[in-house]
Structures are given as C-alpha cells and as structure tokens.
Amino acid sequence: VLANANTVPPLFRGLDTSRVGSKSAITNKVLYHISDDFNEIYKTLSGKKNEVLKDLQPITDKYNGTLKARIKDIKELNKKIKHKTNPKKPEHISDYLGTRISLNTINDAKLVLSDLNKVVKFLSIDDFLDDAGRAVESGTEYRAIHAQVLTKDGFSFELQIRLKELDPLTEISHATYKKIKFPEKEYTDAEFIKIMQEQKTINKKLKAKYFEIKDKEFTRLKTDN
C-alpha cells in the first residue's frame with residue numbers, strides 16, 4: 001500500500017510539471033493526491049485504512065506504541081473546502097485518512113520517524129517535538145511530528161507521531177483549535193474571549209507537561225542505564 005522510500009511521486013493528472021507533494025503552480029498550495037476528485041480521493045483512502053494499519057503495525061510494536069487510524073467525517077472535510085477565508089480544493093486536503101502512532105518517549109518518536117523514513121516515501125515532515133517547533137511558529141504548545149505519507153497509487157495520508165502522556169491534553173487543544181478555525185456559529189464577544197482563555201490555559205498545561213517529559217528523559221540519559 002505504501003510507496004517505497006525511493007519512489008518518485010507521480011505527476012498530478014492533467015499537469016505535466018507538477019508532482020504529488022509539490023506546490024501547484026496555479027494556487028501555490030501543496031498537491032497531496034494525484035486526483036482533484038473529492039469522491040475518488042475519499043473512496044480510495046477509505047478503502048486503504050485497514051491495509052495502512054497493517055503496514056504500520058510492525059514499526060509501532062517495535063517501539064511499544066499504540067496505533068490508530070480514522071477517516072475524516074465528510075462534514076469536517078466540507079468545512080475545509082468551503083472555508084470563508086481559506087477554501088481548499090480536494091487535492092489540497094492532507095488528512096482524509098489520518099493515522100497516529102503514540103509512543104512513550106521523545107526518543108522513541110524520533111526513532112520511529114527515522115525507521116519509517118528508510119522504507120516509505122514522505123512528502124513532508126514537520127517536527128513539532130523540537131523546542132522551536134510550532135510554539136514559535138504559531139503561538140501554540142502543540143507537540144508532535146506530522147508527516148505526509150505517499151501511497152503506491154499516488155494518494156497520501158497524514159501520520160502523526162505523538163507522545164502517550166501528551167495525548168489527553170492534545171485532544172483538548174485540538175477541540176479548542178477547531179472552535180477557532182472552523183466555528184459552528186458566530187460567537188459573541190464573551191464566547192470568543194472564553195474560547196481564547198481556554199486555549200491559553202491548555203497551552204500552559206501542554207508546555208508544562210512537555211518539559212516534564214523532556215526532563216525525565218534527560219535524567220534517564222544521565223544515569224548508567
């Protein structure tokens with residue numbers, strides 16, 4: 001199911017110069033799939049879910065991780081396509097199929113990424129487990145590694161490599177992010193202030209937990225173990 005690490009991404013259908021994983025010369029957005037047909041992308045990646053899980057399970061087991069996958073709800077995908085300020089075409093949506101490997105340590109997360117990088121084709125890798133990651137880039141304390149994985153037939157899916165201890169806080173953080181990015185309604189000033197305060201509070205907790213995990217790992221590295 002997964003493309004080999006040495007695979008050259010296929011050309012996007014109808015374009016002789018743009019490949020999957022590159023930025024569209026027209027929109028300057030990344031092409032994540034060989035097709036721009038919503039139904040084809042959704043059906044194809046929905047059909048790959050179980051096979052992708054099977055392919056990722058051995059690396060997950062090697063590092064005592066947990067593996068999950070989900071197909072994004074069509075309603076949520078439509079929010080991205082019809083977004084008021086930043087609408088996306090089907091070809092530019094990365095997470096129709098989302099997978100997650102949760103691990104015990106930052107070191108394990110790095111090793112999983114390294115091992116996978118030798119055998120599968122990544123279109124992109126964003127490492128937000130580093131100190132200067134997304135915290136500096138966009139003012140959030142979200143910590144994980146995000147990668148886009150190519151399939152053999154030219155589609156792709158999102159892989160998150162996360163920490164088990166951070167997962168509960170990260171889920172709360174994502175729920176708050178969705179309220180801000182894809183609101184279900186027009187908020188009153190009081191409602192918006194409350195949501196922003198919730199985000200501030202969860203960011204503080206995420207930051208504290210992340211550095212707690214990091215300090216524990218550093219302490220272990222200083223021992224004779």
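The values are calculated or read from the model by the stated rules, or taken from the named source; none is laboratory data. The structure displayed is predicted, hence computed values, not measured ones. Backbone-built Cβ (ideal geometry, glycine too); neighbour counts: all protein chains shown. Quick note on the areas: whole protein, heavy atoms, side chains included, nothing else; ligands and nucleic acids left out. Shrake-Rupley method; radii C 1.70, N 1.55, O 1.52, S 1.80 Å.
Confirm whether residue 48 is surrounded by 12 or more Cβ atoms within 10 Å (Cβ to Cβ), under 15 Å from the mean Cα position of the chain (by Cα) and under 28 Å from residue 109 (Cα atoms). Answer is no for this residue.
A search for C-beta distances below 8 Å between a residue of segment 173-200 that is in a helix (DSSP H, G or I) and any residue that is open to solvent by 70 Å² or more (accessible area, probe 1.4 Å), counting only pairs 6+ apart in sequence or on different chains, returns 180/196; 195/179; 199/177. Residues that are open to solvent by 100 Å² or more (accessible area, probe 1.4 Å) and at pLDDT 90 or above were ranked within segment 182-199; the one that is farthest from residue 128 (Cα to Cα) is 189. Once segment 70-88 is narrowed to residues that are part of a loop (DSSP other than H, G, I, E, B) and within 18 Å of the chain's Cα centre (by Cα), the residue that is nearest to residue 14 (Cα to Cα) is 88.
Against the numbered list (1) surrounded by fewer than 17 Cβ atoms within 10 Å (Cβ to Cβ); (2) at pLDDT 95 or above; (3) of a type outside the set (S, T, N, Q), residue 155 comes up short only at (1). Looking across segment 97-127 at every residue that is of a type outside the set (Val, Ile, Thr) and more than 17 Å from the chain's Cα centre (by Cα), the one that is surrounded by the most Cβ atoms within 10 Å (Cβ to Cβ) is identified as 108.
Every residue, every condition in (1) under 21 Å from residue 162 (Cβ atoms); (2) open to solvent by 60 Å² or more (accessible area, probe 1.4 Å); (3) at pLDDT below 95; (4) not acidic (Asp, Glu), yes or no:
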residue: 9; (1), (2), (3), (4): no, no, no, yes
residue: 26; (1), (2), (3), (4): no, yes, yes, yes
residue: 41; (1), (2), (3), (4): no, no, no, yes
residue: 64; (1), (2), (3), (4): yes, yes, no, yes
residue: 70; (1), (2), (3), (4): yes, yes, no, yes
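Residue check: residue 75 meets all listed conditions (1) surrounded by fewer than 11 Cβ atoms within 10 Å (Cβ to Cβ); (2) more than 27 Å from residue 182 (Cα to Cα) but one, namely (2). Determine, yes or no, whether residue 93 is β-branched (Val, Ile, Thr), buried (at least 19 other Cβ atoms within 10 Å of the Cβ) and under 20 Å from residue 155 (Cα atoms). Yes, satisfied. Taking the numbered list (1) at pLDDT below 90; (2) open to solvent by 70 Å² or more (accessible area, probe 1.4 Å); (3) closer than 24 Å to residue 79 by Cα; (4) more than 14 Å from the chain's Cα centre (by Cα) in turn, residue 174 passes all entries but (4). For the residues 169, 206, 163, the requirement of being more than 17 Å from the chain's Cα centre (by Cα), crowded, with 17+ Cβ neighbours inside 10 Å, under 25 Å from residue 98 (Cα atoms) and aliphatic (A, V, I, L, M) singles out 206.
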